[in-house]
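Participant: Following this message is one structure expressed as structure tokens.
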Amino acid sequence: MKGITVLGSTGSIGVSTLDVIARHPDKYRVEALTANSDVDGLLEQCQRFRPKVAVMADEESGRHLAKALTEKGIPTEVLCGLRGLETAAAMPDADYVMAAIVGAAGLLPALAAVRAGKRVLLANKEALVVAGRLFMQEAEAHGAEILPIDSEHNAVFQCLPPDGCRDLEMRGVRRILLTASGGPFRTTPLAALKSVTPDQACAHPNWEMGRKISVDSATMMNKGLEVIEAHWLFHAEPEKIQVVLHPQSVIHSMVEYIDGSVLAQLGNPDMRTPIAHALAWPDRIESGVGSLDLFQVAQLDFEAPDLQRFPCLRLAFEAIKAGGTAPAILNAANEVAVAAFLAERLRFTDISVVVDETLQRLPTGKVDSLDGLLTIDAETRGVAEQVALSRV
Ligand code: NAD
Ligand code: MG
């Protein structure tokens, strides 16, 4: 029986994780659940899964949740804020921690799980984009196991030999092929992109996800963040990572070996597959995902990505090549720009402009300390807000 903490349990990944866990009450037990501000959502999950601890981001939501739990006679203890998240991530009885908070806000809780030596099921790619080197060093130092949940990285992990993440060259890997759907605007006329709405951007053709990652998929910043994520997870130089547009989202990614073999992982686009894989690894469990109907799929297409259409992808490649603080700046500027777009304060096509200008305004030196990275993150948000305002 494994105890599990789900950070970000009310989100898209969190809900899918609880769906898989609920299918295996003999194998998994929920230790802690956390949410930002969705008191009703977390209350319902506490009723169903009876965790020891529930965490809300702010005190007021925490008080509401605690009161509602008491009224229902549920003994779950309520904690609040970053301290609460870190406590939930490091609970002694939590063997596994699902890191599924969105954005850089997920970094410190995920790091707490790493430092407690947990098996970390990592969905929060932004943690690696902001602090990849430090995150992987801490995992090594504390014996934490990082299992990728992002479907592409989970696919790559499945296509590598068991110890393959350590030294790609020694294991005969030539390239990592990260597939990308191209999002909802892959074929939209370029001139129409400046007036697309948040709802159009969030209407992903193949995946149902939270709104931030959905916008990232529409700009392809998501794939850019994933290139950086793959760089840290698999110790792969950016030149060894090729992005392949594959509109059907059936191949979740591939690994090419020096003998010419290309291994791919396929399946229906449903995050419960990578979640179940990482929960059970190295075993396999049912995830609730149906068989892939190849006759229905019928055809698999591939295209090279168009960097004109998707400038965010180019910016991400440039940031990882520049190194230092550039990826952290890229990420924070993108979070600000996407939030402004979702609030209808910024045009879709200005997301990349805000990221680009913010990167140009800030120095991208070498900073490896956590405090240094958090300072850069905060400073970037201020600059990006200014740039976004100037675009109105
Ligand atoms: P979501 O917006 O649906 O859920 C986010 C969760 O984090 C919610 O539970 C929310 O309450 C919590 N949260 C948000 N801000 C917080 C804060 N400041 N403090 C504490 N908690 C906070 O997002 P999602 O789509 O589930 O994505 C979660 C992470 O997984 C992201 O990093 C995303 O890139 C990654 N991911 C998601 C998918 C997917 O299919 N949804 C696929 C691959 C990777
Ligand atoms: Mg992905």
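Participant: Please find, within the range 147-163, the residue that is farthest from ligand 1 (Cβ to nearest atom) out of those that are in contact (Cβ under 8 Å) with a residue 60 or more places away in the chain and farther than 22 Å from MET209 by Cα.
Facilitator: Selected residue: PRO162.
Participant: For ALA337, work out the one condition from (1) closer than 23 Å to GLY365 by Cα; (2) of a type outside the set (D, E, K, R); (3) touching a Gly at 6+ places or on another chain (Cβ under 9 Å) it doesn't fulfil.
Facilitator: (3)
Participant: Hey, LEU374 hits all of (1) surrounded by 22 or more Cβ atoms within 10 Å (Cβ to Cβ); (2) not in a loop (DSSP other than H, G, I, E, B) but one; which does it fall short on?
Facilitator: All conditions pass for LEU374, except number (1).
Participant: For residues that are assigned to a loop (DSSP other than H, G, I, E, B) and not β-branched (Val, Ile, Thr), scanning just the range 177-188, find the one that is farthest from LEU266 (Cα to Cα).
Facilitator: PHE185
Participant: Against the definition (hydrophobic (A, V, I, L, M, F, W, C), in contact with a strand residue (DSSP E or B) (Cβ under 6 Å, 6 or more places away or on another chain) and within 16 Å of ligand 2 (Cβ to nearest atom)), how does ALA94 come out, yes or no?
Facilitator: no
Participant: Also, quick follow-up: On the basis of being free of Cβ contacts under 8 Å to residues at least 40 places away in the same chain, in a helix (DSSP H, G or I), crowded, with 17+ Cβ neighbours inside 10 Å and away from ligand 2 (no atom under 14 Å from the Cβ), does ALA191 make the cut?
Facilitator: no
Participant: While we're on this one: Taking the range 330-359, which residues are more than 14 Å from GLN386 (Cβ to Cβ), open to solvent by less than 10 Å² (accessible area, probe 1.4 Å) and among the hydrophobic types (A, V, I, L, M, F, W, C)?
Facilitator: LEU330, VAL338, PHE341, ILE351
Participant: Separate question: Contact list please: Cβ distance under 6 Å, first residue in the range 279-293 and assigned by TED's automatic domain parsing to the domain that holds GLY164, second residue of a type in the set (Val, Ile, Thr) and not in a loop (DSSP other than H, G, I, E, B), pairs at least six apart or on different chains.
Facilitator: Pairs that qualify, where the first residue is assigned by TED's automatic domain parsing to the domain that holds GLY164 and the partner is of a type in the set (Val, Ile, Thr) and not in a loop (DSSP other than H, G, I, E, B), are SER287/VAL20; SER287/THR273; VAL289/THR273.
Participant: From VAL173, VAL227, VAL196, grab the single residue that is within 15 Å of ligand 2 (Cβ to nearest atom) and in contact with a Phe, Trp or Tyr (Cβ under 7 Å, 6 or more places away or on another chain).
Facilitator: Being within 15 Å of ligand 2 (Cβ to nearest atom) and in contact with a Phe, Trp or Tyr (Cβ under 7 Å, 6 or more places away or on another chain) holds for just one of VAL173, VAL227, VAL196, which is VAL227.
Here is a yes/no grid of residues against (1) touching a Pro at 6+ places or on another chain (Cβ under 7 Å); (2) within 16 Å of ligand 1 (Cβ to nearest atom):
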residue	(1), (2)
ARG63	no, no
LYS72	no, no
THR76	yes, no
THR87	no, yes
VAL114	no, yes
LEU122	yes, yes
ALA127	no, yes
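Participant: What number of residues within the range 89-98 satisfy the criterion of being within 15 Å of LEU33 (Cβ to Cβ) and either within 8 Å of ligand 1 (Cβ to nearest atom) or not aliphatic (A, V, I, L, M) (or both)?
Facilitator: So the count comes out to 2.
Participant: Tell me, which residue of the range 137-168 that is within 16 Å of ligand 2 (Cβ to nearest atom) and not in a helix (DSSP H, G or I) is surrounded by the fewest Cβ atoms within 10 Å (Cβ to Cβ)?
Facilitator: My answer is LEU147.
Participant: Quick check on my filter: what residues within the range 208-237 are more than 11 Å from ligand 1 (Cβ to nearest atom) and over 18 Å from VAL355 (Cα atoms)?
Facilitator: ALA230, HIS231, TRP232, LEU233, PHE234, HIS235, ALA236, GLU237
Participant: Still on this structure, I have one more. Can you pull out the residues in the range 113-134 that are in a helix (DSSP H, G or I), over 14 Å from the mean Cα position of the chain (by Cα) and surrounded by fewer than 24 Cβ atoms within 10 Å (Cβ to Cβ)?
Facilitator: Result: ARG115, ARG133, LEU134.
Participant: Return yes or no: is GLY365 open to solvent by less than 30 Å² (accessible area, probe 1.4 Å), over 26 Å from ALA218 (Cα atoms) and not assigned by TED's automatic domain parsing to the domain that holds ALA192?
Facilitator: no
Participant: Continuing with the same structure: Would you be able to say whether some residue in the range 348-355 is closer than 25 Å to GLN200 by Cβ and charged (D, E, K, R)?
Facilitator: yes
Participant: Starting from residues that are closer than 25 Å to ALA139 by Cα and in contact with a helix residue (DSSP H, G or I) (Cβ under 6 Å, 6 or more places away or on another chain), keep the ones in the range 169-188 and report whichever is surrounded by the fewest Cβ atoms within 10 Å (Cβ to Cβ).
Facilitator: Going through the qualifying residues, I end up with ARG175.
Participant: Next question, about the same structure. At least 1 residues that are open to solvent by less than 40 Å² (accessible area, probe 1.4 Å), under 21 Å from ILE146 (Cβ atoms) and not basic (Lys, Arg) in each: list the helices (runs of 4 or more DSSP H) lying fully within the range 30-100 that qualify.
Facilitator: 81-89
The values are calculated or read from the model by the stated rules, or taken from the named source; none is laboratory data. All figures in this text were calculated on a predicted structure; none of them were measured in a lab. Don't worry about glycine lacking a Cβ; one is built from the backbone with ideal geometry, like all the others, and counts go over all protein chains shown. Protein only, heavy atoms only, side chains kept; ligands, DNA and RNA dropped before computing areas. Shrake-Rupley method; radii C 1.70, N 1.55, O 1.52, S 1.80 Å.
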